[in-house]
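Trainee: So that we are looking at the same thing, I have put the structure below in C-alpha coordinates.
The values are calculated or read from the model by the stated rules, or taken from the named source; none is laboratory data. Remember, predicted model here, so these are calculated numbers, not experimental data. A quick note on method: Cβ atoms are made from the backbone with ideal geometry, for glycine too, and the neighbour counts reach across all protein chains shown.
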Amino acid sequence: MSCEFCQNVCQNESVHHLLPKSRGGKNKDNTVIIPGKLHRKWHALFKEMTPEEAKMWIDDVMVAGKHWNNTKLKQVYKKYKV
(Lines give C-alpha, C1' and ligand atoms only; values in the text may rest on other atoms or scores of the structure.)
Protein backbone atom coordinates (compact mmCIF):
# COMPACT_ATOMS: atom_id res chain seq x y z
CA MET A 1 0.00 0.00 0.00
CA SER A 2 1.17 3.57 -0.66
CA CYS A 3 1.46 6.40 1.83
CA GLU A 4 -1.45 8.78 1.34
CA PHE A 5 0.80 11.78 2.08
CA CYS A 6 3.94 11.08 0.02
CA GLN A 7 2.79 8.19 -2.25
CA ASN A 8 5.85 6.09 -1.33
CA VAL A 9 5.38 2.41 -0.56
CA CYS A 10 4.49 1.99 3.11
CA GLN A 11 6.61 -0.18 5.33
CA ASN A 12 5.16 -0.86 8.78
CA GLU A 13 1.83 0.75 7.90
CA SER A 14 0.17 2.95 10.48
CA VAL A 15 -3.30 4.49 10.62
CA HIS A 16 -3.19 8.26 11.05
CA HIS A 17 -6.27 10.26 12.06
CA LEU A 18 -6.49 13.51 10.08
CA LEU A 19 -8.52 15.08 12.87
CA PRO A 20 -6.89 13.73 16.03
CA LYS A 21 -8.94 11.30 18.10
CA SER A 22 -8.45 13.60 21.08
CA ARG A 23 -10.34 16.28 19.14
CA GLY A 24 -13.24 14.05 18.11
CA GLY A 25 -11.84 12.43 14.95
CA LYS A 26 -12.60 8.84 15.83
CA ASN A 27 -14.38 7.56 12.69
CA LYS A 28 -12.67 5.57 9.94
CA ASP A 29 -13.48 8.19 7.25
CA ASN A 30 -11.00 10.40 9.08
CA THR A 31 -7.99 8.11 8.59
CA VAL A 32 -5.14 7.64 6.14
CA ILE A 33 -2.45 4.97 5.91
CA ILE A 34 1.11 6.24 6.33
CA PRO A 35 4.44 4.60 7.21
CA GLY A 36 4.91 4.03 10.95
CA LYS A 37 8.16 6.04 10.93
CA LEU A 38 6.40 9.03 9.34
CA HIS A 39 3.54 8.68 11.84
CA ARG A 40 5.91 8.87 14.80
CA LYS A 41 7.71 11.86 13.28
CA TRP A 42 4.40 13.62 12.56
CA HIS A 43 3.27 13.41 16.18
CA ALA A 44 6.72 14.29 17.51
CA LEU A 45 6.71 17.52 15.51
CA PHE A 46 3.05 18.45 15.05
CA LYS A 47 1.49 16.81 18.15
CA GLU A 48 -2.30 16.98 17.67
CA MET A 49 -2.42 19.21 14.58
CA THR A 50 -4.48 18.51 11.48
CA PRO A 51 -2.61 18.60 8.16
CA GLU A 52 -4.07 22.07 7.51
CA GLU A 53 -2.85 23.36 10.87
CA ALA A 54 0.56 21.81 10.27
CA LYS A 55 0.81 23.57 6.90
CA MET A 56 -0.02 26.92 8.52
CA TRP A 57 2.62 26.22 11.20
CA ILE A 58 5.21 25.34 8.55
CA ASP A 59 4.39 28.50 6.61
CA ASP A 60 4.76 30.60 9.76
CA VAL A 61 7.99 28.96 10.90
CA MET A 62 9.74 28.07 7.67
CA VAL A 63 8.86 31.14 5.61
CA ALA A 64 8.50 33.97 8.10
CA GLY A 65 10.60 32.31 10.76
CA LYS A 66 13.99 32.71 9.11
CA HIS A 67 14.71 35.82 11.14
CA TRP A 68 12.88 34.91 14.33
CA ASN A 69 14.37 34.66 17.78
CA ASN A 70 13.42 32.09 20.43
CA THR A 71 10.72 34.34 21.90
CA LYS A 72 8.91 34.60 18.57
CA LEU A 73 9.18 30.85 17.99
CA LYS A 74 7.71 30.17 21.45
CA GLN A 75 4.75 32.40 20.53
CA VAL A 76 4.14 30.36 17.37
CA TYR A 77 4.45 27.08 19.31
CA LYS A 78 1.89 28.39 21.80
CA LYS A 79 -0.44 29.55 18.99
CA TYR A 80 -0.46 26.07 17.45
CA LYS A 81 -0.27 24.25 20.79
CA VAL A 82 2.95 22.47 19.84
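Trainee: Of all helices (runs of 4 or more DSSP H) completely enclosed by the stretch 28-82, which ones contain at least 3 residues that are modelled with pLDDT of 80 or more and basic (Lys, Arg)?
Mentor: It comes to 36-46.
Trainee: Ok, one more. Do any residues in the stretch 7-19 that are closer than 12 Å to Val32 by Cα have Cβ atoms under 7 Å from those of residues that are assigned to a strand (DSSP E or B) and aliphatic (A, V, I, L, M), where the two are at least six apart or on different chains, and which pairs are they?
Mentor: Short answer, once both residue conditions are applied: Cys10/Ile33; Cys10/Ile34; Glu13/Ile33; Ser14/Ile34; Val15/Ile33; His16/Val32; His16/Ile34; Leu18/Val32.
Trainee: Another question, then. Considering (1) crowded, with 17+ Cβ neighbours inside 10 Å; (2) under 26 Å from Lys78 (Cα atoms), say which one Thr50 fails and leave the rest.
Mentor: Thr50 satisfies every listed condition except (1).
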